[in-house]
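Participant: First the structure, then my questions, so here it is.
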Amino acid sequence: CAKSFPFLFLYQTTYLSIMKRMLITVCLVCMAYCNLMAQKPISDFLNIPGRMKSYYSWRDKVELKKNTPCTLLFLTKLKQYESEEGAYQAVMTAGGKQFYVPLDLLEDYFQVDVTDNETFWTMALLEMYKDYYKKDELAALRQELRQDAESYLSELEKSSLFYDDAAIEDYLQCQVLSLMPERDILKRGMAKPVVRLLKSAAPDMMMLGNGTLLVSTGMLAALDTEDELRALLLREISHYLMDHALFTIKQNVARANRAAFWGAVADGVVAAAEMALYERYDYYQPGLLFETNGVIQALVNEKITKRMGLDYSPKFEEEADELAITYLQSMGKSKDALTSALQKVYAYYKRENDVETLSKYGVYGTLEERLARLGEPTFSPIDRNFLTKMMGVVSFEAAMQDYNKQYRNAQFLAMKNIDNGLACADDYVMVARSLMKQSNTPESNAECLLYLDKADLVAKVENVNITKMRILLLIRENMKVNTVDMLKKYQEQLNFMFQQPHTEEDAEWIAAEHLWAEKLLERIYLN
């Protein structure tokens with residue numbers, strides 16, 4: 001029949017071939033649909049290359065030896081699975097074959113050579129993917145955290161507690177951006193960080209719920225290298241990406257009404273500011289606004305950090321330390337940068353003899369134990385580029401400590417710039433002023449005079465503070481004639497200042513200093 005009707009045979013063959021292909025296509029579609037229905041992707045397409053850490057077999061279909069090249073494709077949640085496998089799986093491929101590895105075991109079998117931010121943070125945050133694509137049970141709390149952050153920033157702004165230095169802020173912003181995983185931030189709908197500088201002597205750094213990273217002037221003044229700074233930034237980034245603040249707040253038993261809480265904070269700031277009105281500052285710093293310790297403590301305290309979930313548990317602190325260390329080592333840096341930075345934070349509180357802070361629950365309460373675990377750091381070379389960037393912050397911090405009558409701290413900070421060969425005239429004056437506040441001996445007065453001489457050498461313009469300090473030293477030595485001459489010079493400098501563009505606050509200060517000089521001259525003439 002086929003020979004008689006060759007076209008019929010050809011038709012049958014073609015028909016069978018088409019039906020076979022259609023059947024295969026239907027089977028593949030069904031298989032793909034079944035696979036799709038049986039699992040739910042919980043990550044984007046990752047495509048991270050690596051290798052197997054050890055021998056691995058999967059359902060007798062795939063056997064892989066140690067060091068076999070493989071690729072992590074994406075993460076998935078199985079709807080049907082064996083109890084020993086677990087719901088969350090890493091979908092992998094090696095040698096053209098696809099296989100699964102339980103997400104909880106991925107770290108045991110999959111080795112990645114990290115060379116960039118995105119890969120590091122993707123691997124570090126794999127466990128977090130379990131929560132990214134399901135309904136966010138913490139959505140309301142997350143929104144409240146953002147609102148608290150905005151309220152806090154508003155209070156800081158109203159109290160003039162932001163240190164304005166565009167160059168330093170931009171430098172820190174660039175450092176943070178170089179460490180953050182942009183893809184992960186965008187995917188989770190988190191805000192990109194914005195750095196603000198906080199006028200506070202305590203070495204603090206904290207990432208708020210709206211992505212604002214607060215770095216205190218005290219922290220910048222305490223550090224000596226860029227690597228130390230980056231190590232501490234990594235800790236805050238780790239807390240932020242791991243949602244430590246959210247989980248900390250969730251564990252808190254009760255939270256005060258938001259409006260009532262921030263209203264009480266504002267009342268505390270007002271009370272502290274009113275107390276400060278009774279004091280007058282006798283050291284001139286053009287263009288700089290200081291706040292008293294009372295105002296700073298009203299806005300930088302344990303109560304507020306607890307409200308925003310920043311009183312992290314020892315577990316979260318250790319986790320942030322480990323992530324920072326792993327990042328540093330992955331990028332060819334030493335973990336010693338973190339140890340060195342934390343030691344300097346610890347040294348500040350020891351120098352302050354602040355037993356309460358070092359014993360409280362949270363970041364500083366576990367500092368001793370964490371440092372013991374990290375061990376002693378090796379010697380780190382001087383980072384002159386970093387120190388040069390921060391010299392202005394150190395001078396400001398010294399002046400703020402002096403403003404708050406913390407003369408020993410002011411001297412310590414001013415000496416940092418002097419010892420590093422980065423001192424300005426105000427640093428030398430600050431050391432002389434601090435010494436005078438703490439001692440009155442012929443030896444200490446002579447030392448003060450030497451520092452004032454050095455200040456004169458580096459001063460680019462006449463400095464009224466140098467002249468006033470010389471007046472006070474001359475009075476101590478009872479040198480009346482020289483004191484009169486110096487007082488007249490001081491009045492001439494004040495007159496010159498008044499003739500230049502100045503603020504209302506400057507005018508008040510100049511008037512007060514003129515009055516002081518006049519009264520002092522009267523007393524000298526009467527004697």
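The values are calculated or read from the model by the stated rules, or taken from the named source; none is laboratory data. Predicted model only: the values in this text are computed from it and were never measured. Glycine also receives a Cβ, built like all others from the backbone with ideal geometry; neighbour counts cover every protein chain displayed. For accessibility, only protein heavy atoms count, side chains too; no ligands or nucleic acids. Shrake-Rupley method; radii C 1.70, N 1.55, O 1.52, S 1.80 Å.
Participant: Scanning for something of a type in the set (V, I, T) and exposed (fewer than 14 other Cβ atoms within 10 Å of the Cβ), does region 435-443 turn up at least one residue?
Facilitator: yes
Participant: What are the residues in region 19-68 that are among the hydroxyl-bearing types (S, T, Y) and at pLDDT 70 or above, if any?
Facilitator: If the condition is that a residue be among the hydroxyl-bearing types (S, T, Y) and at pLDDT 70 or above, then S43, S54, Y55, Y56, S57, T68 are the ones that fit.
Participant: Mind listing whichever residues of region 280-329 are part of a helix (DSSP H, G or I) and open to solvent by 40 Å² or more (accessible area, probe 1.4 Å)?
Facilitator: N293, Q297, E302, K303, K306, P314, K315, E318, E319, E322, T326, Q329, listed by residue number.
Participant: Also: Taking the condition of being closer than 15 Å to L232 by Cα and part of a helix (DSSP H, G or I), how many residues in region 330-342 meet it?
Facilitator: So the answer is 7.
Participant: Give all pairs with beta carbons closer than 8 Å in which a residue from region 92-115 that is within 12 Å of L73 (Cα to Cα) and free of Cβ contacts under 8 Å to residues at least 24 places away in the same chain meets a residue that is loosely packed, with under 15 Cβ neighbours inside 10 Å and of a type in the set (S, T, N, Q); count only pairs at least 6 apart in sequence or on separate chains.
Facilitator: Final answer for the pair search is M92/Q98.
Participant: Please work out which residue is least open to solvent (accessible area, probe 1.4 Å), limiting yourself to region 444-487 and to residues that are of a type in the set (D, E, K, R) and farther than 16 Å from I418 by Cβ.
Facilitator: K468
Participant: Here is a further query. For region 44-64, how many residues are under 31 Å from the mean Cα position of the chain (by Cα), surrounded by 11 or more Cβ atoms within 10 Å (Cβ to Cβ) and of a type in the set (A, V, I, L, M, F, W, C)?
Facilitator: Within region 44-64, residues that are under 31 Å from the mean Cα position of the chain (by Cα), surrounded by 11 or more Cβ atoms within 10 Å (Cβ to Cβ) and of a type in the set (A, V, I, L, M, F, W, C) number 2.
Participant: Check I382 against each of (1) assigned to a helix (DSSP H, G or I); (2) more than 26 Å from G294 (Cβ to Cβ); (3) among the aliphatic types (A, V, I, L, M) and name the one condition it does not meet.
Facilitator: Evaluating I382 over (1) assigned to a helix (DSSP H, G or I); (2) more than 26 Å from G294 (Cβ to Cβ); (3) among the aliphatic types (A, V, I, L, M) leaves (1) as the failure.
Participant: Could you go through region 373-380 and let me know if any residue there is open to solvent by 30 Å² or more (accessible area, probe 1.4 Å), β-branched (V, I, T) and either under 26 Å from E302 (Cβ atoms) or out of contact with any helix residue (DSSP H, G or I) (no Cβ under 6 Å at 6 or more places or on another chain) (or both).
Facilitator: Taking every residue of region 373-380 in turn, none turns out to be open to solvent by 30 Å² or more (accessible area, probe 1.4 Å), β-branched (V, I, T) and either under 26 Å from E302 (Cβ atoms) or out of contact with any helix residue (DSSP H, G or I) (no Cβ under 6 Å at 6 or more places or on another chain) (or both).
Participant: Determine, yes or no, whether E63 is more than 19 Å from L126 (Cβ to Cβ) and among the acidic types (D, E).
Facilitator: yes
Participant: Can you name every residue in region 209-223 that is touching a Leu at 6+ places or on another chain (Cβ under 7 Å) and within 27 Å of L289 (Cβ to Cβ)?
Facilitator: Correct list: T212, L214, V215, S216, T217, A221, L223.
Participant: So how many residues does region 158-168 have that are part of a helix (DSSP H, G or I) and either over 15 Å from V270 (Cβ atoms) or within 17 Å of the chain's Cα centre (by Cα) (or both)?
Facilitator: Number satisfying all stated conditions: 3.
Participant: Is there a residue being in a helix (DSSP H, G or I), of a type outside the set (D, E, K, R), within 22 Å of S395 (Cα to Cα) and open to solvent by less than 10 Å² (accessible area, probe 1.4 Å) anywhere in region 171-182?
Facilitator: Yes, there is a match, as at least one residue in region 171-182 is in a helix (DSSP H, G or I), of a type outside the set (D, E, K, R), within 22 Å of S395 (Cα to Cα) and open to solvent by less than 10 Å² (accessible area, probe 1.4 Å).
Participant: Out of (1) free of Cβ contacts under 8 Å to residues at least 12 places away in the same chain; (2) outside any helix (DSSP H, G or I), what's the single condition that is false for V195?
Facilitator: Tallying (1) free of Cβ contacts under 8 Å to residues at least 12 places away in the same chain; (2) outside any helix (DSSP H, G or I), V195 fails exactly one: (1).
Participant: Next up: If you go through region 394-405 one residue at a time, do you hit one that is open to solvent by 30 Å² or more (accessible area, probe 1.4 Å) and over 14 Å from Q285 (Cα atoms)?
Facilitator: Yes, there is a match, as at least one residue in region 394-405 is open to solvent by 30 Å² or more (accessible area, probe 1.4 Å) and over 14 Å from Q285 (Cα atoms).
Participant: Which one of these is among the β-branched types (V, I, T), open to solvent by 10 Å² or more (accessible area, probe 1.4 Å) and either within 16 Å of Q175 (Cβ to Cβ) or at pLDDT below 90 (or both): V215, V253, V195?
Facilitator: V253
Participant: Among H502, H514, which is assigned to a helix (DSSP H, G or I) and either out of contact with any Asp or Glu (no Cβ under 9 Å at 6 or more places or on another chain) or basic (K, R) (or both)?
Facilitator: Answer to the check: H514.
Participant: Just need a number here: residues in region 407-427 that are without any contact (Cβ under 8 Å) to a residue 24 or more places away in the chain and surrounded by fewer than 22 Cβ atoms within 10 Å (Cβ to Cβ).
Facilitator: Residues flagged as without any contact (Cβ under 8 Å) to a residue 24 or more places away in the chain and surrounded by fewer than 22 Cβ atoms within 10 Å (Cβ to Cβ) within region 407-427 amount to 4.
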